[in-house]
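I have placed the structure first, in the form of structure tokens, so that the comments after it can refer back to it.
The values are calculated or read from the model by the stated rules, or taken from the named source; none is laboratory data. These numbers come from a predicted model, not from an experiment. Positions of Cβ are generated from backbone atoms using ideal geometry, with glycine treated the same way; all protein chains shown enter the neighbour counts.
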Amino acid sequence: MASVGVQMMMVREQVAADGLLPVLERIAALGYTSVEMSQIPVDEANVTALATARTDLGISTAALSVALQKSIVATADALDTDFDKVVDDCRRLDCTYLRIGMMPFTAMVSRAAVEEFARQCEDASQRLLGEGIQLAYHNHHVDYSRFDGETLFDIVRRVAPSLHFEIDVHWVQRGGKNPVDVLRDYAGQVELVHLKDYRIGALQASTLDLLAAGDRAGFSREFAGLVQFAEVGAGTLDFAGIIPTAIASGAQHLLVEQDELYGRDVYDCLADSIAHVRSLGY
């Protein structure tokens, strides 16, 4: 059975304030059994905390996040500068998956740029496979934009055949695709899945005030922004269909993520999400 875990970017502020291990204790108490590290330093103290959580709390490390190259945007571990450290972290944590959270923005602007990014992914993937580690690429809605009729996602898949994928069902939906269809299409290449719901928020009276004031551009921005991230089960996605399809396609870790909380407490959001997953029998 796949683990149900937490994408740790959700609790990065809590980790900064309280430390990693106390946050992992709260996550374990909610019923989660794995975590994916992102936007939190994978330093010696935190690796030690993750190892302790595996032994004492039953919390495994589903995946660590990496970039291909260190940059102004990608300041955490990168394969060009930290390869040996990343491999060592994986071995210490019995973690066999690394994930790239997004392609560089510079790779999104042309077919040639996407293909070059994908070639670099393939080189990195082959090198990591030699160490017993699978590299995966996480999608956003932009991955469904097209060059000459071929999506960015399809270009990456074609050029980097050994690369696997972390399917984020919210971003698939926002990109105009059916998450169930995409999970089926990526069967055998999708051990990591992000469970993130897709909600349409209510129109606010203040948005109408913009229209009344003649600010059509401001009204249009807020109207378009009614699309929200949501707790699992609080939006429009059919997780009763998504989760079994993910598992049938090879998912080993189902990772709850919510990019924005809209004023709610993060632990309350995580409690609601896992309650819905459990209600479906997982």
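For the stretch 74-98, a residue qualifies if it is touching a Leu at 6+ places or on another chain (Cβ under 9 Å), of a type in the set (Val, Ile, Thr) and not in a helix (DSSP H, G or I), but none of them does. Of these, 6, 23, 42, 47, which one is free of Cβ contacts under 8 Å to residues at least 60 places away in the same chain and either in contact with a strand residue (DSSP E or B) (Cβ under 7 Å, 6 or more places away or on another chain) or not in a helix (DSSP H, G or I) (or both)? Only one candidate qualifies: 42.
Report whether or not residue 255 is touching a residue at least 12 places away in the same chain (Cβ under 8 Å), surrounded by 15 or more Cβ atoms within 10 Å (Cβ to Cβ), in contact with a helix residue (DSSP H, G or I) (Cβ under 7 Å, 6 or more places away or on another chain) and aliphatic (A, V, I, L, M). Before you say what the answer is, go through the steps one by one.
Details: touching a residue at least 12 places away in the same chain (Cβ under 8 Å): yes; surrounded by 15 or more Cβ atoms within 10 Å (Cβ to Cβ): yes; in contact with a helix residue (DSSP H, G or I) (Cβ under 7 Å, 6 or more places away or on another chain): no; aliphatic (A, V, I, L, M): yes.
No.
I'd like to know if the stretch 48-69 contains one or more residues that are among the aliphatic types (A, V, I, L, M), within 16 Å of residue 135 (Cβ to Cβ) and surrounded by fewer than 19 Cβ atoms within 10 Å (Cβ to Cβ). No, the stretch 48-69 has no match at all. Among the residues of the stretch 210-236, just one is hydroxyl-bearing (Ser, Thr, Tyr) and either under 26 Å from residue 266 (Cα atoms) or touching a helix residue (DSSP H, G or I) at 6+ places or on another chain (Cβ under 7 Å) (or both), namely 236.
Only one of the listed residues (66, 11) is among the hydrophobic types (A, V, I, L, M, F, W, C) and either under 21 Å from residue 261 (Cα atoms) or out of contact with any helix residue (DSSP H, G or I) (no Cβ under 6 Å at 6 or more places or on another chain) (or both). That residue is 11.
Residues are listed down the side, and each one gets a yes or a no for (1) small (Gly, Ala, Ser); (2) crowded, with 16+ Cβ neighbours inside 10 Å; (3) at pLDDT 95 or above; (4) under 25 Å from residue 34 (Cβ atoms):
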position	(1), (2), (3), (4)
82	no, yes, yes, yes
91	no, no, yes, yes
94	no, no, yes, yes
119	no, no, yes, no
125	yes, yes, yes, yes
129	no, no, yes, yes
135	no, yes, yes, yes
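Just a yes or no: is a residue in the stretch 33-45 under 20 Å from residue 167 (Cβ atoms) and among the small types (Gly, Ala, Ser)? Scanning the stretch 33-45, I find at least one residue that is under 20 Å from residue 167 (Cβ atoms) and among the small types (Gly, Ala, Ser), so the answer is yes. Kindly provide the set of residues from the stretch 122-163 that are farther than 30 Å from residue 240 by Cβ, part of a strand (DSSP E or B) and of a type in the set (A, V, I, L, M), ordered by number. Selection gives 135 alone.
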